[in-house]
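Notes to accompany the following structure.
Nothing in this text is a laboratory measurement; each read-out follows from the coordinates by a stated rule. This structure is a prediction, so every number in the text was calculated from the model and none was measured. Glycine also receives a Cβ, built like all others from the backbone with ideal geometry; neighbour counts cover every protein chain displayed.
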Amino acid sequence: MKNSIRLLALLCVVAPLLLSAQQASALQAVRLATPITLDGKLDDADWQRAPAMDRWTENMPNEKTPSRFKTEVRFLYDQNALYVGMKAFDPDVSKLDAPFVRRDKVFGTQDNFVVWIDPTGARKFAQFFRVNARGIIADGSWNEDSNNEDFSPDYDFEAATHVDKDFWSAEMRIPWTSLRVPHPLPEKLTFIVFRNMPRETRIRSSTAVLGRDPTCFLCVAEELTGITDIPKASGVTVTPYTSGTFTQEKTRGKTTSESKFNVGADVKWRPTSQWVIDGTFRPDFSQLELDQPQLKSNTRFAIYQPEKRPFFLEGTDLLSLAGDSIYTRSITDPLWGTRATYRSESLDATLLTVADRGGGFVVLPSTYFSDARAQGRSQATIARVRAPFKGDSGTGSVGALLSDRTYDNDTSNRVAAVDGIFKPNDSSRLRAQLAGSQTNDGSRQNGHNVFVDALYDDGTDHVYANYVEFSPNYRFDNALISQNGFRSATAELWRCYKPKNQFFNNLCPNLNAREVRSWSNVALQRYVTPGLFANGLKNSEWNLQARFFNYRRVQDGGTWHHTPTVFFHGEGNPGGRLRSVWTDIEVGRNIDVATDSVAKFSFIALGGTLRPFERIEVEPYVNDFRLSNLDGGQWRLVERTAQVTGIGYITARDTLRLIAQYTLSKRNPAAYAFKVTPRAQTDALSLVYSHKRGLGREFDLGVTRSNERADAQPSKTTTEVFAKLSWALSL
């Protein structure tokens, strides 16, 4: 702990504290005189009365320069909603990139608008709303403390677009009940609007003066004034749903079948403007979207999977901390759950409790591997508060977290944490978190976690330092802690040059270093890596790293191995039918963790997005991992995963999605002195039809078939047919 305090003090001294925050300008919203038609045309009389913000700044590829294409944004409001009108002038609208995509798949590779609204004015949390030139929407939340954009939350809003001869325009209607605004409404809301314009390169401009990758985002947001006499945002939405599942398994020639029928409901209640109360009973978390397969044969630690279940998505920014973040997928099979979320200018808070029927695994971290045990029934409870502050010296927030997981066998895990973040200016950030855990699992064990980091990034120079320690008995069952019993220090130094040519936007030589040691001061990892990062036309990025000075230890008392490699990452958006493409390649030496020995190593991953027809989208992904003896003769391990996702857009409401997955793991028995599984293979095929009439109103019908085969083990074939109907009702 003394080392942690010394390092935090050192970071506070050496972190560059330059550039003061810019003063935001204000735009006035105008109250509607008559209802408007939401058609994207902006030809209603009230739009002409609303003042336009037309002084936009380009932040990609050129940073903090006047926008080269005229863009306008206006705001209207009435008792029920906030209206946003945007107009994007374009010298050649025939080049608009506006494909059919699913909700939340509106990215910077399409012509689109993004509106960020900070509903409380605390500049810590924002809701964002997107629309591309075809009128397809996306939404989510922004966490200022972690600079994280989360597409998981969905809000009820509408958008329409219109394409004219020399511009395209969009209108949004965002109900006050969807915005987490307090009552009475602050005198000023804060907002940022982005315009994305992909051509030979991606051109991005905004209403605020921002760099390409700003450290401070909401701190320079514009102010929206003129909104008065808005009623309290309150109401109840009940979403009942019913689902049916038929499952058939075949193993050793024996067939078993099971049918399930489930009726449940979600409830969302806003008793006041500040509070949102969520409840769920017998939730159906049918896996409509299969998890992407991951390489796991040569790792000894638990693997993260993203959360996709709707109940857990309100207030997700509050559960994302500087160090440990809540991992709600550790809650395996809820019977019921309830959650209260509070937002105001001075305080954000959330309280979540769920009765989990279990059936999964509890991750048991250690220094060299993750263990696990069967997860029984439990009650998972999480409480989190965060209070922002601002002053002449900068902005920031302080927070606290309480977590409890109590199992039906009288074991438990409890964690308490405090954290803080301070941004003295637009380019600098300091963060810290201290957590303590108490685990009662036959005996009482206490542990702690420390996290501190400092960042300076002005678009040209990037300096980052980080210190982390996990004591040997630290455990956090409502998060995903795969390793404990270590200390680590990390540093990054970058310098970016902006060549004046037609291809590169940035050339950034860099140096990255890390040292990891066990609690008993045994070296676990050490690297010093020079690299070169570049970006340019077609939204392309390249990253080359010479990982020559790279050392690791993977077993207690094991060998300190030298594992030099060369790594390359490339990505871009060629355009046309090939929407995007990316690759990761690494070659050199790696550790075969099964034998604690060094082997020749190669890894390649390829992915992208294809659009062979206007209403068909295909996303292929494949990777290949190989280990072989250093003498170049005998192969040891081959692991391969692949996935192809195909989307057919039948209508604006109807989609057909096909996912095909394949994983293969092979070990050469001749390369090992102990028994191994020579071959294990799984494949899965999922076909789902979805009809969506709005948020919370949809019908899904699907079938999934999977096969698991391994040498000397019985094969298993599982077929599942499911249907789900939900219908949201506003009361």
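Counting charges near Gln713 (Lys, Arg +1; Asp, Glu -1) among other residues having Cβ under 11 Å from its Cβ returns a value of +2. Using the Cβ-Cβ distance between Phe389 and Thr225 with R0 set to 25 Å, the FRET efficiency works out to roughly 0.60.
Mean residue ellipticity at 222 nm, helices only, the chain: -500 deg cm²/dmol; runs of at least 4 DSSP H residues each add -39,500 (n - 2.57), and the sum is divided by the number of residues. Determine, from the Cβ-Cβ distance of Asp371 and Trp269 and an R0 of 30 Å, the FRET efficiency 1/(1 + (r/R0)^6), rounded to the nearest 0.05. Efficiency at R0 = 30 Å is approximately 0.15. Under the simplified labelling scheme, the Ser715-Leu511 pair shows an inter-label distance of 5.7 nm, with each label point 7 Å from Cα along Cα→Cβ. The packing ranking of peptides 106-114, 331-339, 247-255, highest mean first, is 106-114, 331-339, 247-255, where packing means the average number of other beta carbon atoms within 10 angstrom of each residue. Packing, as the average of other Cβ atoms within 10 Å across residues, places the peptides 43-56, 668-681 in the order 43-56, 668-681, highest first.
With contacts taken as Cα pairs under 8 Å and at least 6 residues apart, the range 44-136 reaches a relative contact order of 18 percent.
Stretched out straight at 0.36 nm per residue, the stretch from Asp410 to His183 would grow longer than its current Cα-Cα span by 77.4 nm.
Across the alpha-carbon set of the range 176-236, the Rg to Rh ratio works out to 1.11, Rh being the Kirkwood radius.
Using C-alpha pairs under 8 Å with a sequence gap of at least 6, the mean separation divided by the residue count of the range 301-495 gives a relative contact order of 18 percent. Of the peptides 466-476, 27-37, the order by per-residue mean of other Cβ atoms within 10 Å, starting with the highest, comes out as 466-476, 27-37.
On full extension, the segment bounded by Ala652 and Asp104 gains 195.9 nm, given 0.36 nm per residue less the C-alpha separation. Based on the Cβ-Cβ distance of Ser325 and Asp92, what FRET efficiency does E = 1/(1 + (r/R0)^6) give at R0 = 60 Å, to the nearest 0.05? For R0 = 60 Å, the calculated efficiency reads 0.85. Annotation for the range 564-662: GluC sites (Glu not before Pro) lying in DSSP loop with at most 13 further Cβ atoms inside 10 Å of their Cβ are Glu614.
One chain, two ends: Asp683 and Thr353. Fully extended at 0.36 nm per residue, the span grows by 115.2 nm beyond their Cα-Cα distance. Over all distinct Cα-Cα pairs of the range 308-381, the Kirkwood formula returns a hydrodynamic radius of 14.0 Å. Model label sites at Tyr551 and Asp54, defined 7 Å from Cα along the beta-carbon direction, differ in position by 6.4 nm.
Each part gets one Cα centre, and for the range 379-441 versus the range 177-204 those centres are 28 Å apart.
Across all Cα atoms of the range 312-465, the radius of gyration (one decimal) and Dmax (whole number) stand at 17.8, 55 Å. Taking 7 Å steps out from each Cα toward its Cβ at Ser346 and Val644 produces label points 6.0 nm apart. Please work out the Cα center distance from the range 579-649 to the range 327-375, rounded to the nearest Å. Spelled out, the Cα-based centre of one part sits 32 Å from the other. Calculated from the structure at hand, Rg and Dmax of the Cα atoms in Å is found among (i) 26.5, 82; (ii) 33.6, 125; (iii) 29.4, 97 as (i). Taking 0.692 mPa s as the viscosity and 37 °C as the temperature, the Stokes-Einstein diffusion coefficient of the range 575-729 based on its alpha-carbon Kirkwood radius rounds to 176 µm²/s. With respect to the chain, whose longest principal axis is taken over its alpha-carbon atoms, helix 2-14 is tilted by about 40°.
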